[in-house]
């Protein structure tokens, strides 16, 4: 009996101690995106301040070789380094040259001016141009500064980083929502942001909303969907004699008659449409349009209402 009681006491103590030392389970909060350090390049201006040594402090322009001329040290390569890396390099160089003691070698480095301080924003934005970026900015902020995307914007953004112009990358987003959610992508000084123009099909003639409709590349556009986007035909329309101008793979255009009535009834297969196609719905008893007339209708100088609609 005594042994059993002692055993229970020992087990209880062990359980209490294990509970005390067990770490509390915490819910991990979403981590903010890591801001990359900006690398120094030719033409940048660097402010170097050496503690209690005004003669060793100064402002230096990075030359075309990526070097700066540092007092008592001469040419120093800073190309591709961060401000922190240059700070440590200057401190170590002064110590190695017996100019400063280890305990008094303290420098601060600040990139006061970038050779390319702006971000170039081009393509389908409302106000393309060069916008200042003295530090890291987010893609959504850059697009907002440029007035947002136009109705003809693609659902992708192409980005070139200034330090790696040979490898652009594409960011996908959904511009059809009221407040487009743009991925958290960091944009650095000197980068280029380009919003491509989306593909577009045209629905013209006797429909309720004739105009150009931006293609959603995630789904296939068809004649039936195009008519739905144009909110149907007007009165006295001839859906049986609709005409489709289609661009072939070789770039040539062909025209064909499409019976939309039979498509709606399920008697004919729906017809796929692609970038540049024109769907024309004539009036009943009206003359058929020629391909030249339809293409001229959307030629240079013609104002076409552009619609961006979400479809499935």
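The numbers here are math on the coordinates, done by the rules we state, and not lab data. As the structure is a prediction and not an experimental result, all values here were calculated from the model. Quick reminder, even Gly has a Cβ in these numbers, built from the backbone with ideal geometry, and neighbours come from all protein chains shown.
Rounded to 0.05, the FRET efficiency of the residue 106 and residue 186 pair, given R0 = 30 Å and the Cβ-Cβ distance, is 0.50.
Residue separation of residue 72 and residue 97 scaled by 0.36 nm, minus their Cα-Cα distance, works out to 8.1 nm of gained length.
Kindly work out what percent of the DSSP beta bridges joining two residues of the range 200-307 are antiparallel, to the nearest 5. So the antiparallel bridges amount to about 75 percent of the total. Note on residue 240 and residue 270: the model spin-label points, each 7 Å out from Cα along the C-beta direction, lie 2.4 nm apart. Determine the shape class of the range 45-113: with a ≥ b ≥ c the square roots of the Cα gyration tensor eigenvalues, call it rounded for a/c under 1.5, and otherwise prolate if a/b is greater than b/c, oblate otherwise. It comes out prolate by the Cα gyration axes. Our estimate of slack between residue 65 and residue 113, defined as 0.36 nm per intervening residue step minus the Cα-Cα distance, is 15.5 nm.
For the pair the range 197-235 / the range 97-159, the C-alpha centres are spaced 38 Å from each other. For residue 42, put the label point 7 Å out on the Cα→Cβ axis and report which residues of the range 135-169 keep their amide N under 19 Å from it. Taking a point 7 Å out along Cα→Cβ of residue 42, the residues of the range 135-169 whose backbone N falls under 19 Å are 161-167.
Stretching residue 174 away from residue 144 to a fully extended chain increases their span by 9.3 nm, per 0.36 nm per residue minus the current alpha-carbon distance. Rounded to the nearest 0.05, the FRET efficiency derived from the C-beta distance between residue 231 and residue 287 at R0 = 41 Å is 0.95. Placing a pseudo-label 7 Å from each Cα along the Cα-to-Cβ vector at residue 158 and residue 122 gives an inter-label distance of 0.9 nm.
Rounded to the nearest 0.05, what FRET efficiency do residue 57 and residue 136 give with R0 = 25 Å and r taken as the Cβ-Cβ distance? Could you check? That pair, residue 57 with residue 136, gives E of 0.40.
With distances taken between every two different alpha-carbon atoms, the range 200-307 has a Kirkwood hydrodynamic radius of 13.9 Å.
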